[in-house]
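The values are calculated or read from the model by the stated rules, or taken from the named source; none is laboratory data. This one's a predicted model, so the numbers in the text were calculated from it and none came from an experiment. Here the Cβ positions follow ideal geometry from the backbone for every residue, glycine too, while neighbour counts run over all protein chains shown. These area figures cover heavy atoms from the full protein model, side chains too; ligands, DNA and RNA do not enter into them. Shrake-Rupley method; radii C 1.70, N 1.55, O 1.52, S 1.80 Å.
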There are 2 protein chains.
Amino acid sequence: MNIFSTTDIQNWERFYRANLINSLTGFKAASLIGTQNAVGKTNLAIFSSIFHIGSDPALVGYINRPRKAAPHTLANIEATHVYTINHIHPSMVEKAHQTSAKYPIEVSEFEKVGLTEEFSQDFPAPFVKESKVKYALRLQEIVPIAMNETFLVIGKIKKVIIEEDIISPDGFLELDKAQSICSNGIDSYYRAQPIIRLDYAKP
Amino acid sequence: MNIFSTTDIQNWERFYRANLINSLTGFKAASLIGTQNAVGKTNLAIFSSIFHIGSDPALVGYINRPRKAAPHTLANIEATHVYTINHIHPSMVEKAHQTSAKYPIEVSEFEKVGLTEEFSQDFPAPFVKESKVKYALRLQEIVPIAMNETFLVIGKIKKVIIEEDIISPDGFLELDKAQSICSNGIDSYYRAQPIIRLDYAKP
């Protein structure tokens, strides 16, 4: 085994460190966050630190990078208090990854990368039409993380849109059937294959 | 597509809602958190909301459920300020899942489920010997999330232990080669197969 200390980590070249540390936490649910600004200009960006906080109330968190590195999504959420999270599938991986390019604020990534905006009547944030699993959130809280100027953004799920045939009788979603991808590091994408589903564990 | 509103979500039967909402955020890096209390009694528990916060400094967050539902890991981290996070592989999925059973505080899950404690000389928290990718953290901050009594626990990476042959020349970890698993919902486990690795995106 290779063993690395804090000093090793600090001495790594910047991109080597970014690649390794971003891989270390394991596979993650890279998804597209859709927003619009106060005058309805849409934005779409890929995020990989998206996580379940609770089911009742249904709360989801994501980490937004520092404001100067990733300003548009956060500013739009602050302006409108709503956003969508959309799963990525193999046929749209390149387009989804391309949303990470630094486009100017007046450009909508939907047009630039070739994904389709979709609006649900009562919800002022764009979904991705091509996505088979997607949900809309209302902002609950933005928690600044002072140590590195990132933000924990917490939203409450307000609407869920899911392809019919992946919902199991007990509510479980067969995400492998929907071919939702997962990611590793900052640039690598994977499909998931079932190993096993287990019973509730008792001592 | 099936479309569900806030009212639908609230009206779902409790376990149906837990299954669906836990699947909605996508595949995630279920891993084992190893801790010990002030007198050296070890604890091991599976967590699935573990995420990258930053690479420099190297910060990782996880969501700890309410204190009454999942008390031991959090109490140990508060007592010792250190913990380990250990990847899970197919051969240890059942054992890892079994750590979610509610064992009394005097029982070490290592013994109960049959995984092996491993100590690194200068770090007072147990690693999982069987894990091919693991890292140790020092507690930086515990952020209470008032809405549902969970906690965001933020740690700084102090030590990294990785099987030699999965580290790419640029630092990227080939987690599919290590066969690190990912999870979906509360009870389902998967292996990941590469689709593509993409270049840094530019407009």
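Laid out as a table, the results:
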quantity: Hits in the range A:66-104 (condition: touching a residue at least 24 places away in the same chain (Cβ under 8 Å), within 12 Å of chain B (Cβ to nearest Cβ), assigned to a loop (DSSP other than H, G, I, E, B) and open to solvent by 40 Å² or more (accessible area, probe 1.4 Å)); calculated: A:Ser100
quantity: Test: residue in the range A:13-33 that is of a type outside the set (Lys, Arg), assigned to a strand (DSSP E or B), surrounded by 21 or more Cβ atoms within 10 Å (Cβ to Cβ) and in contact (Cβ under 8 Å) with a residue 60 or more places away in the chain; calculated: yes
quantity: Count of the range A:131-151 residues which are of a type in the set (A, V, I, L, M, F, W, C), in a strand (DSSP E or B) and open to solvent by 10 Å² or more (accessible area, probe 1.4 Å); calculated: 4
quantity: Members of the range A:1-43 that are more than 24 Å from A:Lys102 (Cβ to Cβ) and among the acidic types (Asp, Glu); calculated: A:Asp8
quantity: Residue count, the range A:152-202 (criterion: open to solvent by 30 Å² or more (accessible area, probe 1.4 Å), more than 7 Å from every other protein chain (Cβ to nearest Cβ) and either touching a residue at least 24 places away in the same chain (Cβ under 8 Å) or of a type in the set (A, V, I, L, M, F, W, C) (or both)); calculated: 3
quantity: Residue under evaluation A:Val39, criteria (1) facing chain B (nearest Cβ under 7 Å); (2) aliphatic (A, V, I, L, M); (3) open to solvent by 20 Å² or more (accessible area, probe 1.4 Å), criterion not met; calculated: (1)
quantity: Test: residue in the range B:112-121 that is more than 12 Å from chain A (Cβ to nearest Cβ) and more than 13 Å from B:Leu44 (Cα to Cα); calculated: yes
quantity: The one condition in (1) open to solvent by less than 10 Å² (accessible area, probe 1.4 Å); (2) in contact with a helix residue (DSSP H, G or I) (Cβ under 6 Å, 6 or more places away or on another chain) that A:Tyr62 fails to fulfil; calculated: (2)
